[in-house]
Amino acid sequence: MYRPGLTLALLLLAPLTILLAMFVGSVQLGWSDIRQALAGEGAGIAATLIFELRLPRALGAFAVGGMLALSGTLLQVLLRNPLADPYILGVSGGAAVAAMLSMLFGLGAGWVMGGALGGSLLSMVLVFGLAHARGAWTPMRLLLTGVVVAAGWGAVISFILAISPNHDLHGMLFWHLGDLSHGRHPLIGNLVLLTGLVLSFPLARALNLLARGELTAAALGENPLRLKIAVYFIASLLTAAAVSIAGSIGFVGLIIPHLLRLIGGSDHRLLLPNAALLGGSFLVVADTLARTVLAPVQLPVGVITALLGVPVFLYLLNRGQQP
Amino acid sequence: MTGLHTQALLLQVSDPRAGTRKTLCRNLTLSFNRGENWAILGPNGSGKTTLLHTLAGLRPPDGGGVRLGERDISAWSHRERARQIGVLFQQQETVFPATVMETVLTGRHPYLSASPWQAIWQWEDAEDRRRARAALAAVGLDGFARRLVTTLSGGEQRRVELATLLTQDPPICLLDEATSHLDLKHQVAMLALLASRVHEADRLNVFVLHDINLATRFCEYGVLLFGDGSHRHGRLQEILDADALERLYDCRFRRITDDGHSIYIPV
């Protein structure tokens, strides 16, 4: 059914959360500060805070949250499992290992990001290659392979943390838990998010069929293999970009699509843009909390998403069991 | 009129334990024509579903060929084919909580624009929704449109699948155990509905069935798959005798004649 109301509400929510992120912080800013800064009149600390710290960080958080939620939505259809998420497939593990190795060898920030991108792509290829080794991928086989590869990466991460010198540990842990404070290029993230949305949107109606099974999709006029490859490619691109910008942030890709399916229906023509919008807004709020609840101490945003995500998810799961 | 034709069809499945391939159906040549109701009968694992999927073009034959109209089935694009052939699967995955209306409307997919950039803006229109509502009414599910498929009973979910097929409204329907999960009233009602469409609008139904009595009641033609690669096809009345039945199901049958109609009961 055509229900654009939720999408419109989410379109309004997104700028509101970014505005909130500009207000709140270790230095409180008032309306006048923000109005002046946005009008280009403000000088000094308020303008610096907004344009160099809070606004880029909020926009970066929005891009990462949107990418994770969109990629989670796509992977859930691909695996036909509502519990699938970019991290369960071991993508973040591969990225984290590559990034931590770059840190361990004292390479620069560019290497860390590039390494994360390469690591996540390598992990995706590894999982899909192993799952495909004998015959076609079944969703269950793919999921199990992903879980096992993720566990393998987890062991390597623990090993690297154990042998790392103390002064590297803090940065590595932040990477491992997800951190947006180094996201200096919000434009790139938002561009990737937009690209992912533009590429996946034309597939939305076909995804409605794929959600009901590959044979059903084939019988109703789609080529399932072509569709699966396209979905896999787009989801990999989004996840790799998100992980290389912000490290491993869990739960966004899992909870946002699940929540939207329960309140807004399963039609992917609305689900895809809704996921990008709500995922982005959610991460902006989570990141604002991460830098304010214990200010001036900053928490890794992954801690906040997990603390918010776990109870919400358990509540939804229990509610969902009642017919 | 496009019908389905098989030419020296060979169907095999791999048998992982023996490491060999088991032949389900050897050298099957027959024509399923419009205006006919067909039943595929055979014991478990005899290749009924494999034959149905091969006829639907969802699986390549292991030898021989399937023609849809004048062209080989593999020469049709997925979308063109979906406007000719609809399939009701034996089992349907329902992982995500879609509503009944959303599910039934997927039957219109083959008729909506295939161009990706138009696909964004082209939604099912009032006519598509009218067809979906009519199909839901035909299977006795009016008033269910907003319900989540995941909250329905097995029989109701089966009727949602049938309504999706009616919404797709293709000239050829291939139905794998259409009556599974249905109560006795709905078994008869659904088969009567589907069979009548063949006579009224010159369509073709191919049913995989386990109930011989429903098969003889609603289908004039049949394919018997014996499970060892051999088969028999033709008018059900002519091919379905006591010997064939015993060979087919490896059990004895009692035949009761009522009002000129034969009813078979396993003993």
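Read-outs throughout are calculated quantities, based only on the coordinates presented, and are distinct from any laboratory measurement. As the structure is a computational prediction, the values presented were derived from the model and not from experiment. All Cβ positions, glycine included, derive from the backbone under ideal geometry; neighbour counts span all protein chains shown.
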Taking the 0 to 90 degree range and rounding to the nearest ten, how far is the long axis of helix B:126-138 tilted relative to the main principal axis of chain B, both from C-alpha atoms? 40
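Over the range B:4-266, what relative contact order in percent results from Cα pairs under 8 Å that are six or more residues apart?
26
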Distance between the C-alpha centers of the range A:206-235 and the range B:186-232? Whole Å please. 30
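Peptides B:186-198, B:253-265: what's the order by average Cβ count within 10 Å, highest mean first?
Working: B:186-198: 17.8, B:253-265: 10.8.
Peptide ranking by packing, descending: B:186-198, B:253-265.
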Rg from C-alpha atoms of the range A:27-163, normalised by the globular rule of thumb 2.2 N^0.38 Å, equals 1.42
Distances over 31 Å make up what percent of all Cα-Cα pairs in chain A? 31
Using a 10 Å cut-off on Cβ to Cβ distances, tally the other chain neighbours for every residue of A:206-218 and report the average as a whole number. 6
Scaled to the compact-protein estimate 2.2 N^0.38 Å, what is the alpha-carbon radius of gyration of the range B:4-266, rounded to two decimal places? 1.05
For chain B, build the charge dipole from Cβ charges (+1 Lys, Arg; -1 Asp, Glu) around the Cα centre, then report which of B:M190, B:I265, B:S113 sits farthest towards its positive end. B:S113
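As a test, work out the antiparallel percent of DSSP beta bridges whose residues both lie in the protein assembly as shown, rounded to the nearest 5.
Working: 28 of 47 bridges.
DSSP beta bridges in the protein assembly as shown are roughly 60 percent antiparallel.
Please compute, over every Cα-Cα pair in the range A:4-77, the percentage with a separation greater than 21 angstrom. Mind showing how you got there, number by number?
On the way: 1044 of 2701 pairs.
For the range A:4-77, the share of Cα pairs beyond 21 Å comes to 39 percent.
What is the dipole size for the protein assembly as shown, taken about its Cα centre, with +1 at each Lys and Arg Cβ and -1 at each Asp and Glu Cβ, in debye to the nearest 20? Please list the in-between numbers first.
Details: 47 positive and 41 negative charges, 21 e Å.
That gives a dipole near 100 debye.
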Give, rounded to the nearest 20 debye, the magnitude of the charge dipole that the range B:4-266 has about its Cα centre when Lys and Arg contribute +1 at Cβ and Asp and Glu contribute -1 at Cβ. 300
Which lysines, on any chain, are close to B:K22 with Cα under 27 Å apart, when same-chain ones fewer than 8 places away are left out? B:K48
Summarise the partner chain shielding of A:262-269 as one whole number: the mean count of Cβ atoms from other chains within 10 Å of each residue's Cβ. 4
Shape descriptor, the range A:204-282: equivalent ellipsoid semi-axes (Cα gyration tensor, sqrt 5λ, whole Å, largest first) stand at 24, 17, 9
Go through A:202-213, A:159-170 and give me the packing order, highest mean Cβ count within 10 Å leading. A:202-213, A:159-170
What do you get for Rg/Rh of the protein assembly as shown when both radii come from the Cα atoms and Rh is the Kirkwood radius? 1.07
I'd like to compare A:90-98, A:55-63: which one has the highest average count of other Cβ atoms within 10 Å, and what's the full order after that? A:90-98, A:55-63
Options A:A69, A:L308, A:S120, ranked by Cα towards positive dipole end of chain A, top entry (Cβ charges): A:A69
Across the residues of B:94-107, average count of Cβ atoms on other protein chains within 10 Å? 5
Semi-axis lengths (Å, descending) of the ellipsoid that matches the C-alpha gyration tensor of the range B:221-267: 20, 14, 6
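Please state the shape class of the range A:171-222: rounded when a/c is under 1.5, otherwise prolate if a/b exceeds b/c and oblate if not, all from the C-alpha gyration tensor. Don't skip to the answer; put the middle values down first.
Values: a/c = 6.82, a/b = 2.30, b/c = 2.97.
Cα axes put the range A:171-222 in the oblate bin.
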